[in-house]
Every structure is written in structure tokens, then in C-alpha cells.
1. Evaluate the stretch 54-75: report whether one residue or more is in a helix (DSSP H, G or I) and of a type outside the set (Phe, Trp, Tyr).
2. Considering the stretch 141-176 alone, what residues qualify as being among the acidic types (Asp, Glu), under 23 Å from residue 128 (Cα atoms) and outside any strand (DSSP E or B)?
3. For the stretch 155-212, name all the residues that are open to solvent by 70 Å² or more (accessible area, probe 1.4 Å) and at pLDDT 80 or above.
4. Could you tell me which numbered condition residue 174 fails, if it satisfies all but one of (1) farther than 14 Å from residue 143 by Cα; (2) out of contact with any strand residue (DSSP E or B) (no Cβ under 6 Å at 6 or more places or on another chain)?
5. Are any residues in the stretch 4-42 touching a Pro at 6+ places or on another chain (Cβ under 9 Å) and closer than 22 Å to residue 133 by Cα, and if so, which ones?
6. Among the residues of the stretch 121-130 satisfying the criterion of being assigned to a loop (DSSP other than H, G, I, E, B) and under 22 Å from residue 45 (Cβ atoms), which is least open to solvent (accessible area, probe 1.4 Å)?
7. Given the conditions (1) out of contact with any helix residue (DSSP H, G or I) (no Cβ under 9 Å at 6 or more places or on another chain); (2) open to solvent by less than 40 Å² (accessible area, probe 1.4 Å); (3) among the small types (Gly, Ala, Ser), which single one is not true for residue 37?
8. Output the residues belonging to the stretch 1-52 that are part of a loop (DSSP other than H, G, I, E, B) and charged (D, E, K, R).
Amino acid sequence: WGDAPHYAVLIAGSSGYWNYRHQADVCHAYHVLINKGIPADHIITLAVDDVASSSMNPFPNTLFNKPTPQGTPGTDVYANCKIDYSGDQVTPEIFQKVLMGDDSAGGPVLKSTSADRVFVNFVDHGGVGIIGFPKTTMHAKDLIKTLQYMRDNAMYKELVFYLEACESGSMFRNLPTDMNIFATTAANAKESSFGTYCPDMPGSGGDTGGDT
């Protein structure tokens, strides 16, 4: 991506211990970006933040993104993972405001310019034309409208959107081709996405299973 400034928005759209992997994925992504030199104040993270503290968590106040060889300590990705919006703040409306640089979100929002590169990582459940939030969903047309606003208001030079959810390919079927956005998804518009390292979940095959 060169020497241009980088910004990122990371979001886990789910809640509950059953959805452990979503918040673990987002905190893992946060550390990947930090380790690559992106400043913490250029990263905005949204997560309900109820998994690490869950009574069901056998390792309280920690999150692990993947298993390690027997006897090797795991990496706690929850440690030093800066979460800017949590609990009831994780909504489609707040997500849109963060992306559009709308200060009424009540916390940090994107302040990127036409000279900057932006990375967006959304992790949750999904369906055809929708992605999930704890209490509602976001429709593809609203996501595209938000991205169009960012383009029209010169909020990025290049934007990469990584969407991890079932039927996630359906969210970008109507994405205009002239927006300088690279969208990559974990599944096409008709198939489920599967969580790795979840052996007890439905659909498990070895170390995989469970739609995300």
C-alpha cells in the first residue's frame, strides 16, 4: 500500500459467548495492524466486548484467535486491544457514522482524506443482502450508500473491505466499479462461511464448523 497514511475500522457485529470467534478475530486484526506500524489512533474498533468477561470463558479476560501446539502458551489477543465502541453502541447507525466521519457517533470517527488508504474489516453472521448486528441487521443498499458517501466526500485514495459472514458476497453485488474499492468476502452470495478451530460446532469437519 505504499507510504500513504493508513486508517482502519474493525467491527465484530455479534454478541454472546457463542460468537467468541468474532470478537477474537477483530482483536487479532487490531494487533496485526498495530504490528505493521499503523498508529492506534488510526484504528477504530467496535465490539460488544462481552466475551472476554463472560462467565462461560474458561480463561477470564482473555481471547485467543487460534490454538497452539500442546505446551505452547497461546497469544491473548484481548490484551491491549483498544475497543472504542462497545455494548449498545454496536449498531448499523454508529458503524455508518464512523465510516462517514460523523462526529455525532459519540466517539472516534474516520478523518481520512483522498490521500489516505482505508481498511474495513467486518466479522459477524450474515444472510443474502444483510449483515448482522446484536439487535438488528444492515442491508446491502445501506452499506453501498455509506461507501458511496465516502467516495463522494473524498475520504480515501483506496479502500479495502474484508467481510467475513455467511452469504457475504451478496453485500457487494451492486458495488459500483468506479469507486476504487477492493471488496473481498469469506463466501459468495449463496454459501455459508465456516469458522475455523470450532470442532464442537454444527457442520464441523475436523477443526472447522459453524457459520460465521
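1. No - not one qualifying residue is present in the stretch 54-75.
2. Once the filter is applied, which keeps residues that are among the acidic types (Asp, Glu), under 23 Å from residue 128 (Cα atoms) and outside any strand (DSSP E or B), the stretch 141-176 yields 142, 167.
3. 157, 162, 173, 174, 177, 178, 180, 182, 188, 190, 191
4. The failed condition is (1).
5. 13, 14, 15, 16
6. For the stretch 121-130, the residue satisfying everything is 124.
7. The failed condition is (2).
8. First, the residues of the stretch 1-52 that are part of a loop (DSSP other than H, G, I, E, B): 1-5, 13-16, 36-39, 47-52.
Scanning the stretch 1-52 gives 3, 36, 49, 50.
The values are calculated or read from the model by the stated rules, or taken from the named source; none is laboratory data. Bear in mind that the values here come from a model prediction, so they are computed numbers and not experimental data. With ideal geometry, Cβ positions are generated from the backbone for all residues, glycine too; neighbour counts draw on all protein chains shown. These accessible areas exclude ligands, DNA and RNA; they are computed on the full protein's heavy atoms, side chains included. Shrake-Rupley method; radii C 1.70, N 1.55, O 1.52, S 1.80 Å.
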